[in-house]
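Have a look at the structure below, then the notes.
Any read-out appearing in this document is the output of simple, stated calculations on the displayed coordinates, not a laboratory observation. As the structure is a computational prediction, the values presented were derived from the model and not from experiment.
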Amino acid sequence: MTGVVPGPDGLPRCPWGAGSADYTAYHDEEWGRPVHGEAPLFERISLEAFQSGLSWLTILRKREAFRAAFAGFDPAAVAQFDDGDVARLLADAGIVRNRLKVQATIANARAVVALDGGLDALLWSFAPSSDRPAPVSTADVVAVTPESTAMAKALKRNGFRFVGPTTAHALMQATGMVNDHLAACAFR
């Protein structure tokens, strides 16, 4: 499948959004919609980093546990996490227990707190113009763009980890900086 498919309600959706109920809800209610604010954007960047190498469905199903484990993704709170918190997180079966990703999330929180101008302004400064043509098929959806490459470089310069160009582009899609819903998708 490369074009839209009917979802459980008959509405045309991007193929990945017509699968499990978790994917459908995420596709219909969140993905591609603009997200602003330090905590919501810190949550998205953290979840995208945890997803690296895993299924997004795994992350969606563990999302509430991630929120509880990481203080609602309040960057100031997570920036204060210490070795005891790392041990607590690595023992928490409700989240992905990857030491490097846990440590990166804490380091990223510290980077957010240290940013001049805030995370919202930094991330949205890389949003491309909205006049891009809508993708017609999944083959038209790219994984990396010049904007996501520039965003990843800026994040790394500011001390962020697990933020390569592919992760940055996934973040841009998830937070509505780009709208990669297919042209015929009812949720574009």
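Roughly how far apart, in whole Å, are the Cα centres of the range 1-60 and the range 73-99? One Cα centre to the other: 24 Å.
Where only DSSP H runs of four or more residues are counted, the chain gives -14500 deg cm²/dmol as its mean residue ellipticity at 222 nm, each run worth -39500 (n - 2.57). With respect to the chain, whose longest principal axis is taken over its alpha-carbon atoms, helix 38-51 is tilted by about 80°. With 0.36 nm allotted per residue and the present C-alpha distance subtracted, the Ala87-Ala25 stretch has 19.1 nm of extension available. For the range 1-52, the relative contact order works out to 18 percent when only alpha carbon pairs closer than 8 Å and six or more residues apart are counted. Taking all Cα pairs closer than 8 Å and separated by 6 or more residues, the relative contact order of the chain comes to 31 percent. Under the criterion of Cα pairs below 8 Å and six or more residues apart, the relative contact order for the range 57-168 equals 23 percent.
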